[in-house]
Amino acid sequence: MSEKRFDVGGRVIVITGAGQGIGREYALAFAEAGAIPVLAEINRANLDKVEEEVRARGGTPLAIETDVGTPESVQAMVARTLESHGRIDVLINNAAIFATIPRRKFDEIPFDEWNRVIHVNITGSYLCAAAVAPVMRTAGHGRIINISSGTVPQGVPGFLHYVSSKAAIVGMTRAMARELGDDNINVNAVLPGYTETEMEHASMDDGMHDFIQNKRILKRPETPDDLIGLVMFLASPGSAFITGQCIACCGGEVML
Ligand SMILES: NC(=O)c1ccc[n+]([C@@H]2O[C@H](COP(=O)([O-])OP(=O)(O)OC[C@H]3O[C@@H](n4cnc5c(N)ncnc54)[C@H](O)[C@@H]3O)[C@@H](O)[C@H]2O)c1
């Protein structure tokens, strides 16, 4: 393998939930690395803002208002991407209901909130993977990177719908990897630790930051930048023989 081992230049990378937080940082980082980020985001105002930011850094994003929980919307996003670029090399299933989730006892979660979290976080990831798989199959290669969470191996209390949804992503990754291996499509999951973004997280209360940091081998806050190396590696030629894996990126807070 050549110096292209970790090169993602020219790759078309669909990033769902790219309008804020970690997804926004993936978009900026992939653009800086010469990839073409497709921003698939439900929040129009944030989508426009991130599109502008990527352009300001010399990137060539494709911004598509998308609801990952609606099959027609996902199909339209894939169709527009193909119209513009003719291929999809990587899907990052990053969109989720997360920052806005308040902590509650599991038996106090309102039923509609439970359903929304489960639907967007599980079904949304499934719909996006199901929409890009035929495209990747035809192309003879592809990468699907599912974003799970370090809350799963730890069984973090206070948002059972979220943790359950991210546990489903682990099972989905493993079974999907087996189904897509013969098509040369690699499927892996990333389990971030608690990551500080520009958002106030409704699930965090005072003292939680210190508590989390003290559980880590590397005792410092995690930032989106800490995740970029791993996600970019999984999107690059260098990770061609890695599939069906769940990789924690959390300063050693958990060991899988
Ligand atoms: N930040 C953390 O501490 C942390 C830790 C572990 C895992 N994660 C995971 O990383 C990913 C990003 O986290 P974040 O902190 O940036 O979350 P966030 O809540 O700040 O951002 C999520 C993004 O997804 C978008 N989104 C929500 N529903 C959507 C839909 N139906 N269609 C399209 N887009 C939709 C939101 O508008 C938002 O832009 C999530 O999957 C999250 O579960 C985050």
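In table form, for the structure just shown:
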read-out	value
The listed residue being touching a His at 6+ places or on another chain (Cβ under 6 Å) and closer than 24 Å to Ala240 by Cα, out of Val8, Val12, Val78	Val12
Residue in region 221-229 that is open to solvent by less than 40 Å² (accessible area, probe 1.4 Å), closer than 25 Å to Phe106 by Cβ and within 14 Å of the ligand (Cβ to nearest atom) present	no
Qualifying residue in region 80-96 (condition: open to solvent by less than 40 Å² (accessible area, probe 1.4 Å), at pLDDT 95 or above and over 23 Å from Phe233 (Cα atoms))	no
Near pairs, Cβ below 7 angstrom, 6+ apart or cross-chain, from region 111-131 (touching a residue at least 40 places away in the same chain (Cβ under 8 Å)) to any residue that is open to solvent by 50 Å² or more (accessible area, probe 1.4 Å)	Leu127/Pro71; Ala131/Gln75
Hits in region 1-60 - residues which are within 19 Å of Pro224 (Cα to Cα) and of a type in the set (Ser, Thr, Tyr)	Thr16, Tyr26
Flag if Ala29 is within 16 Å of the ligand (Cβ to nearest atom) and assigned to a helix (DSSP H, G or I)	yes
So Ile145, is it within 15 Å of the ligand (Cβ to nearest atom), under 20 Å from Ala235 (Cβ atoms), surrounded by 22 or more Cβ atoms within 10 Å (Cβ to Cβ) and of a type in the set (A, V, I, L, M)	yes
Elements of type helices (runs of 4 or more DSSP H) contained in region 81-194, each with 1 or more residues being within 26 Å of Phe30 (Cβ to Cβ)	124-139, 151-154, 160-180
Test: Asp225 is assigned to a helix (DSSP H, G or I) and within 19 Å of the chain's Cα centre (by Cα)	yes
So Phe106, is it among the aromatic types (Phe, Trp, Tyr) and buried (at least 16 other Cβ atoms within 10 Å of the Cβ)	no
Counted residues, region 88-102 - those being within 6 Å of the ligand (Cβ to nearest atom), among the aliphatic types (A, V, I, L, M) and over 9 Å from Ile147 (Cβ atoms)	2
Verdict on Lys4 being among the basic types (Lys, Arg) and modelled with pLDDT under 95	yes
Extreme residue, farthest from the ligand (Cβ to nearest atom), among residues of region 1-21 that are in contact with a strand residue (DSSP E or B) (Cβ under 6 Å, 6 or more places away or on another chain) and not in a loop (DSSP other than H, G, I, E, B)	Val12
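The values are calculated or read from the model by the stated rules, or taken from the named source; none is laboratory data. Keep in mind that what you see is a predicted model, and the values were worked out from it rather than measured. Quick reminder, even Gly has a Cβ in these numbers, built from the backbone with ideal geometry, and neighbours come from all protein chains shown. The protein model used for the area step is the full one, side chains on, heavy atoms only, and it has no ligands, DNA or RNA in it. Shrake-Rupley method; radii C 1.70, N 1.55, O 1.52, S 1.80 Å.
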